[in-house]
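Derivation of every value follows stated rules applied to the coordinates shown; laboratory data play no part. Since the model is a prediction, treat every value here as computed from it, not as a measurement. All Cβ positions, even for glycine, are placed from backbone atoms using ideal geometry, and neighbour counts span all protein chains on display.
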Amino acid sequence: MHGMDLDKMDFSLTPPAQEPDRQYYFMAKCREYIKEECERLNRPLRAAVITFGCQMNARDSEKLSGILLEIGYELTEDEDADFVIYNTCTVRDNANQRVYGRLGHLNSLKKQNKHMKIALCGCMMQEPSAIEKIRQSYRFVDLIFGTHNIYKFAELLAAMFESDRMVTDIWNETDQIVENLPTERKYPFKSGINIMFGCNNFCSYCIVPYVRGRERSRSPQEILCEIKKLVSEGVVEVMLLGQNVNSYGKNLENPMTFAELLREVEKIEGLKRIRFMTSHPKDLSDELIQVMKESKKICRHLHLPLQSGSTRILKAMNRRYTKEQYLALVEKIRKEIPDISITTDIIVGFPGEEPCDVDETIDVVKKVRYDNAFTFIYSKRTGTPAAAMENQVPEAIVKEGFDRLLKVVQDTARERVRLLEGRTMEALVEEVNEHDSSLVTGRLSNNTIVHFKGDKSLIGQIVPVYLKECHGFYYLAEYATDVS
Ligand code: SAH
Ligand code: SF4
Ligand code: F3S
């Protein structure tokens, strides 16, 4: 942990060069700015962090929130705040469009609240075309930074407070991982943990390797230390995060496999559940299957993105497995761990895809019987190899294939989820039900959602529930006394 007292920082000294000390220096500085502003306005200042992307993006938002709290902001979800930061995503074009749409609304809020500050960060900011557009058409934005320098948030905030122009700092890459910065958690009982950053796979449709950089694994010591600390604070479930967790540890000084890391995480006393995502099928080892099988803590759920069931399309996607290899892998996993639920991601409309390729995908869905599948329409990402392919599929044909696939996905998922009806299983209670406050909502080990009568005192507890009625993708359940 850092050993710096923010209240005793000497600003007459130059900022330390070393991280994370340098950031604590700037946090202390920001704290002074916020204090002055609070005194001037005679009220606390409020900040909102809005997440647009995946679980890794959400984890980054928690880090941003941790720093905002440390420097004296109150956190809110309301965008009518004194500081609003959008943590953006660019994996598909609709994610970008949502950001632009909501920025327009922020501008009108800023016109009413002149001292409001607006910042943008995240994956979309790593794209030069997005930066250009913001500089031209969204000049009211105060601060822009990317994915590689997010650890410098405090320093960038200080620069923003000291400038009346747009502050922009985007890096093309980094090999640094800065540890021990403050972070906030959305849930007291569960948390995401980054085990690696970036991606080396370059699937031909995907922008992530370009905006998140090369694969870097965190040291096992740092990961285990972070989890132990979280558990001491009441966390019972962790989600280990990486774009391809199965290649964890390859580039460490002392290489280590993901399965070996899981074995160490399993030993942490007080930790009850372990999840991870995402697994690339090409790197899923027998060792991992064995560790999952023997584990008492690793949840019975595997997210195993398929992307396409057509070997021809998989090749063009640079996924490096065939339809047959994927099916054989699923069979092997199901044989060893029969009660595992498998979910997936599928893209429809990749360049050159024909209805017969969609048939192949549907065939895999029927054979695997996924518990859930996220289906996406292919989105052309500038700079990726697929964007330059000539045989882009017309929208109407994509739509037709997408609808056909979606129906099969929904039917098979419903069938799978229903199989648990009448069983009693353990659920981790996550929240009071959004629509009916007499119910609480929890999650089974296999990731299925359950709703049952209960109150907020149950939140964070793992309790047995009787799975009474299956409603498509979730269960109406009853609190049970025993697990059968
Ligand atoms: N690293 C993860 C995926 C991260 S992106 C993995 O490989 O499994 C999450 C999902 O978005 C992907 O699995 C893919 O299905 C989808 N996706 C990525 N790029 C896309 C694009 N250009 N168009 C449509 N969907 C895309
Ligand atoms: Fe994208 Fe492929 Fe990397 Fe996943 S593994 S982030 S789909 S390039
Ligand atoms: Fe995640 Fe979107 Fe970036 S999916 S890694 S936030 S492009």
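Calculate the translational D of the range 301-362 in whole µm² s⁻¹ from Stokes-Einstein, where the hydrodynamic radius comes from the Kirkwood formula applied to all Cα pairs, the temperature is 20 °C and the viscosity 1.002 mPa s.
Details: Rh = 12.2 Å.
D, rounded to a whole number, is 176 µm²/s.
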Span from the the range 88-119 Cα centroid across to the the range 21-46 one, whole angstrom: 24
Dipole moment magnitude, nearest 20 debye, the range 147-241 about Cα centre, only Lys, Arg, Asp, Glu C-beta charged: 320
Set of aspartates and glutamates with alpha-carbon distance to K323 below 20 Å, sequence-local pairs under 8 removed: D283, D286, E331, D345, E353, E354, D357, D359, E360, D363, D371
Centre separation in Å (Cα based) which lies between the range 131-156 and the range 200-246: 24
Using θ = phi - 60° and Karplus 6.51 cos²θ - 1.76 cosθ + 1.60, couplings along the range 116-128 (whole Hz; Gly, Pro as x): 4, 10, 10, 10, 10, 8, x, 4, 4, 6, 7, 9, x
Antiparallel DSSP beta bridges within the chain, percent to nearest 5: 35
The range 373-417: radius of gyration over Cα atoms, expressed as a fraction of 2.2 N^0.38 Å: 1.48
Segments 136-143, 464-471 sorted - mean Cβ within 10 Å per residue, highest first: 464-471, 136-143
Cα-based Kirkwood hydrodynamic radius, the range 128-200, one decimal, Å: 14.7
Reference-scaled alpha-carbon Rg (2.2 N^0.38 Å with N residues) for the range 421-484: 0.96
Segment V178-S137, extension gain: residue separation times 0.36 nm, minus the distance between their alpha carbons: 11.4 nm
For the range 268-326 versus the range 409-484, the gap between their alpha-carbon centres in whole angstrom: 25
Shape box of the range 200-329 [Cα atoms, principal axes, largest first, Å]: 49, 30, 25
Count of lysine pairs in the range 338-484 with Cα separation under 22 Å (8 or more residues apart, or interchain): 7
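Cβ neighbours within 10 Å, averaged per peptide: list 221-231, 363-373 in order, most packed at the top. Intermediate results must be reported in sequence, preceding the final value.
Working: 221-231: 16.6, 363-373: 19.5.
Highest-to-lowest ranking by the protection proxy: 363-373, 221-231.
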Theoretical ellipticity at 222 nm over the chain - DSSP helices of four or more residues, -39500 (n - 2.57) apiece, nearest 500: -11000 deg cm²/dmol
Lys, Arg +1 and Asp, Glu -1 on Cβ, resulting dipole of the chain about Cα centre, debye, nearest 20: 660
At R0 = 25 Å, FRET efficiency that the Cβ-Cβ distance of N200 and Q325 yields, to 0.05: 0.80
Using distinct alpha-carbon pairs, which all enter the 1/r mean, Kirkwood radius of the chain in Å: 24.3
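Which length gain, in nm to one decimal place, applies between H105 and Y474 when the Cα-Cα distance is subtracted from 0.36 nm times their residue separation? Walk me through the numbers on the way to the answer.
Working: separation 369, 0.36 × 369 = 132.84 nm, distance 3.49 nm.
Result: 129.4 nm gained on full extension.
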Cysteines (scope the chain) whose Cβ has no counterpart Cys Cβ under 4.7 Å: C30, C38, C54, C89, C121, C123, C199, C225, C299, C356, C470
Dipole magnitude (debye, nearest 20) for the range 230-277, charges at Cβ of Lys, Arg, Asp, Glu: 180
Gyration tensor over alpha-carbon atoms, the range 266-372, equivalent ellipsoid semi-axes in Å: 29, 13, 12
For the range 182-297: lysine pairs under 17 Å (alpha-carbon distance), excluding those fewer than 8 apart on one chain: 17
Cβ-based charge dipole, the range 26-88, positive-most Cα from A58, I85, F26: F26
Additional length obtainable on full extension of the chain from D359 to I170, 0.36 nm per residue less Cα span: 63.8 nm
